[in-house]
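Worksheet: the structure to be examined is printed underneath.
The values are calculated or read from the model by the stated rules, or taken from the named source; none is laboratory data. Note that the structure is predicted; figures quoted are calculated from it, not measured. Glycine also receives a Cβ, built like all others from the backbone with ideal geometry; neighbour counts cover every protein chain displayed. Surface areas here come from the heavy atoms of the whole protein model, side chains and all, with no ligands, DNA or RNA. Shrake-Rupley method; radii C 1.70, N 1.55, O 1.52, S 1.80 Å.
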Number of protein chains: 2
Amino acid sequence: MPRSHRRVLTHPDLVELDLLDLLHALADPTRMTIVRTLRSDVERPCGTFPVDVAPSTLTHHFRVLREAGVIRQRDEGNRRWTTLRLDDLNARFPGLLDSVLETYERQLAGT
Amino acid sequence: MPRSHRRVLTHPDLVELDLLDLLHALADPTRMTIVRTLRSDVERPCGTFPVDVAPSTLTHHFRVLREAGVIRQRDEGNRRWTTLRLDDLNARFPGLLDSVLETYERQLAGT
DNA sequence: CAGCTTATACGACGTACGTCGTACTTCGGA
DNA sequence: TCCGAAGTACGACGTACGTCGTATAAGCTG
């Protein structure tokens, strides 16, 4: 009985993913940091992301990403582990996430 | 003296373009329709876009796109002509716009 | 000049967003 | 068993967004 006080973790199905929802989800620096971090480390607990917001704010951003189909989360013990839905995203939006992330890395590098 | 009662048309410089602003600008169906239309027809007056919003709403969306660097506008007589800043976008975000638009077309096609 | 067209400016409205603090639940370790 | 850690739920707050109606200005055309 995992965390009954929390909402059930619902993840949208592959065919439900919407491009405009994805763009909106990615158009935020905190969420972009989450996604970038997940591209380096495959799976992470919520509290280990290098972001500077309150825990409740972080929860909000995870929900946005989850409902847009960007991440998948699972509970294990006291931790909630998060992964990128890379395969699903590449199936639904081929090459798009890589294109966005590469562009963002280049922008952060100041080019 | 073109339209002195209107704000001067300011377009961000190439190096000022921000990816997150771009993503936000594209994360709206009306604005996406504008961009798609501009990819087919090179240049268009404001009133000729196949969107179903009030004129003042359309003005708002043009401003968002212009300030994000997606479009360029110029006044000629009574008309304001709009073009995609394709070269600038491809220079700053190589391949990204095409990737987004292709994905969106595929989604609209129902695939 | 008068009237129509094109498009914006401005203000209003309801909603969504990003943020936080607080309370709470669950799990794990001392 | 108790307490801290992890993370969420909920409500609040200020701001931004998408929308519109109305008023306005400039250009075109008769």
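Things worth noting here:
- Among the residues making up segment B:37-69, those that are among the charged types (D, E, K, R) and in a strand (DSSP E or B) are B:Glu43, B:Arg44.
- Residue check, A:Arg66 of a type in the set (Lys, Arg), touching a Ser or Thr at 6+ places or on another chain (Cβ under 7 Å), surrounded by 15 or more Cβ atoms within 10 Å (Cβ to Cβ) and in contact (Cβ under 8 Å) with a residue 24 or more places away in the chain: no
- Taking segment A:42-79 as the range and being more than 12 Å from DNA strand D (Cβ to nearest atom) and either within 14 Å of another protein chain (Cβ to nearest Cβ) or farther than 23 Å from A:Leu17 by Cβ (or both) as the test, the residues that pass are A:Pro50, A:Asp52, A:Ala68, A:Gly69, A:Val70.
- Qualifying residues in segment A:80-91 (those that are away from every other protein chain (no Cβ under 13 Å) and more than 16 Å from DNA strand C (Cβ to nearest atom)) - the one nearest to A:Asp28 (Cα to Cα): A:Leu84
- Every pair of residues 6+ apart whose Cβ atoms lie under 8 Å, when the first sits in segment A:92-111 and is at the interface with chain B (Cβ under 9 Å from one of its Cβ atoms) and assigned to a helix (DSSP H, G or I) while the second is among the β-branched types (Val, Ile, Thr) and exposed (fewer than 14 other Cβ atoms within 10 Å of the Cβ): A:Arg92/A:Val15
- Scanning segment B:7-20 for residues that are open to solvent by less than 80 Å² (accessible area, probe 1.4 Å) and within 14 Å of DNA strand D (Cβ to nearest atom) yields B:Leu9, B:Asp18, B:Leu20.
- Qualifying residue in segment A:23-36 (condition: away from chain B (no Cβ under 14 Å) and either part of a helix (DSSP H, G or I) or open to solvent by 60 Å² or more (accessible area, probe 1.4 Å) (or both)): no
- With respect to the conditions (1) more than 13 Å from the chain's Cα centre (by Cα); (2) more than 12 Å from DNA strand D (Cβ to nearest atom); (3) under 18 Å from B:Leu108 (Cβ atoms); (4) not polar (S, T, N, Q), B:Arg39 falls short on a single one, namely (1).
- Among residues of segment B:28-43, those that are of a type in the set (Lys, Arg) and under 11 Å from B:Phe62 (Cβ atoms), counted: 1
- For the condition in a strand (DSSP E or B), open to solvent by 70 Å² or more (accessible area, probe 1.4 Å) and in contact (Cβ under 8 Å) with a residue 24 or more places away in the chain, B:Arg72 qualifies.
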